[in-house]
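Undergrad: The structure follows.
Please treat every number below as a calculation from the coordinates, not as lab data. All values derive from a computational prediction rather than experimental measurement. No Cβ is skipped: glycine too gets one built from the backbone with ideal geometry, and neighbour counts run over all protein chains shown.
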Amino acid sequence: MTLPPPPGSPIQADPNAARDLGFGTRVAGYSRLRLINRDGSFNVSRRGLSAGTVLSPYHALLTIGWGKFLSLVVTYYAVVNGIFALLYVSCGPTALAGPPIDGASPAWNGFLRAFFFSVETFGTIGYGHVSPLGLNANIVVTIESIVSLLSLALATGLVFARFSRPTARIVYSHRAVVAPYRDMSAFMFRCANARNNQLIDVTVRVLYSRIEEKPDGTRTRQFTVLPLEFERVTFFTLSWTVVHPVDATSPLAGMSYDDLIKNDAEFLVLLSGLDETFSQMVHSQTSYKAEEILWGAKFAPIFVESPTGGVTGMDLARIHHTESVEFPGRL
């Protein structure tokens, strides 16, 4: 049984939206891979486009990690200066006037002097120990000055854009759990904001994705919005255990672990909230496959109490910790 989506949700406006969610009928129905990876990326590849269409260096430089970004900047800096050093060397041994590099071997002295002169020119440092001589060397200096100005402007813009682009850093528990809940059972997972800034008016949606086989043998993937105990919190300052109570009307009622494995079940998590620092909406997504669900487990407490009493905070290192509980084989 497919439950109606919460009032006011985008899926309610379009009854067919929950059937596909943009993955396509064939991809959703025949792929055995997860639809959303644990890091929030979508497990869909695109082919048949030209290299110019697929290549998006600006978007890639904005979205890659800081380690890769800084590595690319350093690599670009070294390669560009190496190319200009070769150009200075190609202008002849008298193209650059100045003392040799102390401690460098004679075979590499000319290249190293040209390389460090390029570094000074590229960074507009200009110590004055080495200077260009002749038309060819000065033309190379002019070209390098233009390249350095453009490179500095682009690098500054990218760094500013990376810092100013709001993103959510949500920590999700490694496993979801199925455990007793009040007078029934429930599907649960835990999440928390890993940054010190506050997220306001945070909403979460959980979609139950599974493959169903029709009487004629065709396989289709169905999506159902799971009703949650709480779908919205005003302040996301602590951890949040998202709970789907499994009652008689739940699409999970009567299901077992083997049933979820057989149906290639995947629980898609979509979280969004307002970042108070930037006053912009941020989004985060992840998913849990059937084999990533612990049956008969509950989450261990993560709150830290002060010696004088009272909760003072939480230990995010324990967000993944669980404890075993007695639980039947079916929901």
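Undergrad: Can you compute the charge dipole magnitude of the range 163-302 about its Cα centre, using +1 on each Lys and Arg Cβ and -1 on each Asp and Glu Cβ, nothing else charged? Give it in debye, rounded to the nearest 20.
TA: Details: 15 positive and 16 negative charges, 78 e Å.
Once rounded to the nearest 20, the dipole reads 380 debye.
Undergrad: Also, I was wondering about something else. Among 104-110, 290-296, how do they line up by average Cβ neighbours within 10 Å per residue, starting with the highest?
TA: My ranking of the peptides, most packed first, is 290-296, 104-110.
Undergrad: I need to check one value: relative contact order of the range 57-164, counting alpha carbon pairs closer than 8 Å and at least 6 residues apart, in percent.
TA: 30
Undergrad: Hey, with R₀ at 51 Å, roughly what FRET efficiency would TYR77 and LEU316 work out to, going by the Cβ-Cβ distance, to 0.05?
TA: 0.90
Undergrad: Shifting gears a bit: GluC sites (Glu not before Pro) within the range 200-250: which are DSSP loop residues with at most 13 other Cβ atoms inside 10 Å?
TA: Here the GluC sites (Glu not before Pro) that fit, given the DSSP loop and packing criteria, are GLU229.
Undergrad: Ordered by residue, what ³J(HN,Hα) values in Hz, to whole numbers, does the range 217-222 give under the Karplus form 6.51 cos²θ - 1.76 cosθ + 1.60, where θ = phi - 60° and Gly and Pro are x?
TA: Once θ is set to phi - 60°, the couplings for the range 217-222 become x, 6, 10, 10, 9, 10 Hz.
Undergrad: Let me ask you something else. Within the range 127-174, list the chymotrypsin sites (Phe, Trp or Tyr not before Pro) lying in a DSSP loop whose Cβ has at most 16 other Cβ atoms in a 10 Å radius.
TA: Within the range 127-174, the qualifying chymotrypsin sites (Phe, Trp or Tyr not before Pro) (loop, at most 16 other Cβ atoms within 10 Å) are TYR127.
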